[in-house]
Amino acid sequence: MVRFWRLALKLAGWITVGRLPENEKKFIIIVAPHTSNWDFIMGVIIRGAMGFKANFLGKESLFRKPFGFIFMGLGGIPVDRGTSRNMVDQVVAEINGRSSFILAIAPEGTRGKVKKWRTGFYYIARNANIPIVMCQLDYKHKEARFLDPFYPTGNVNADLEYIHDQFKDVKGLNDLKTGNLEDIL
């Protein structure tokens, strides 16, 4: 199956740069920028081409009929954003209860432009004592770049500034102004 996904990645004109940490069984991948629905499709292709399995959090409505089984099969975990439950604690408990777990998250929390990222990924990583792997989804260069694992220090402001800076020059699909399929393929 990996060969199929590698072919799909090649046909799309994309490459992956870097790799996932070999000595970690649990980590969070943050993928940014998240500007289009195409990001999810590219993420599935990239994940398949690299041969790893990852879970993701998605709004509960994605997991309803008729297509909910697809998202569940892809590793989705439904999130009820309408309640005030502590999502960080729930995800940390899920991570701690497994021997291996990779969670992919878009820190913007939405496809629209945001001034400030959501910080749940940071607190999940810190509370579960796992690293954050940054993935720059760069449509301008058609590269998915995986950076070295980052271990939260506890200095929240400095850590988040450092993480955010790793993405400042990366262009998402809608940052290219067209958002068209030909920009992906």
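Quick look at the values:
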item	result
Which of Y139, Y151 has the fewest Cβ neighbours within 10 Å, and the rest in rising order	Y151, Y139
The chain - charge dipole about Cα centre, Lys and Arg +1 at Cβ, Asp and Glu -1, debye rounded to 20	440 debye
Rg(Cα) / (2.2 N^0.38 Å) computed for the stretch 1-114, rounded to two decimals	1.12
Above-threshold pairs, the threshold being 30 Å between Cα atoms, out of K26/K171; K25/K65; K10/K171; K10/K168; K26/K142; K10/K116	K25/K65; K10/K116
Whole-percent pair-distance distribution, where bins are 10 Å wide, for the alpha carbons of the stretch 22-181	10, 40, 40, 11, 0
Options M42, P107, Q166, ranked by Cα towards positive dipole end of the chain, top entry (Cβ charges)	M42
Under 5 Å, built H, 5+ apart or other chain: amide partners of V17	A144, R145, F146
Farthest toward positive dipole pole in the chain [+1 Lys/Arg, -1 Asp/Glu at C-beta], among A32, L62, T153	L62
Proxy reagent accessibility, fewest Cβ within 10 Å first, across L103, L74, L11	L11, L74, L103
Per principal axis, descending, Cα span of the stretch 39-83 in whole Å	34, 22, 16
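Rule-based calculations on the coordinates, nothing more; no lab input. Treat the numbers as computed from the prediction; the structure is a model and nothing was measured. Because the Cβ atoms are built from the backbone with ideal geometry, glycine has one as well, and the counts that use them run over all protein chains shown.
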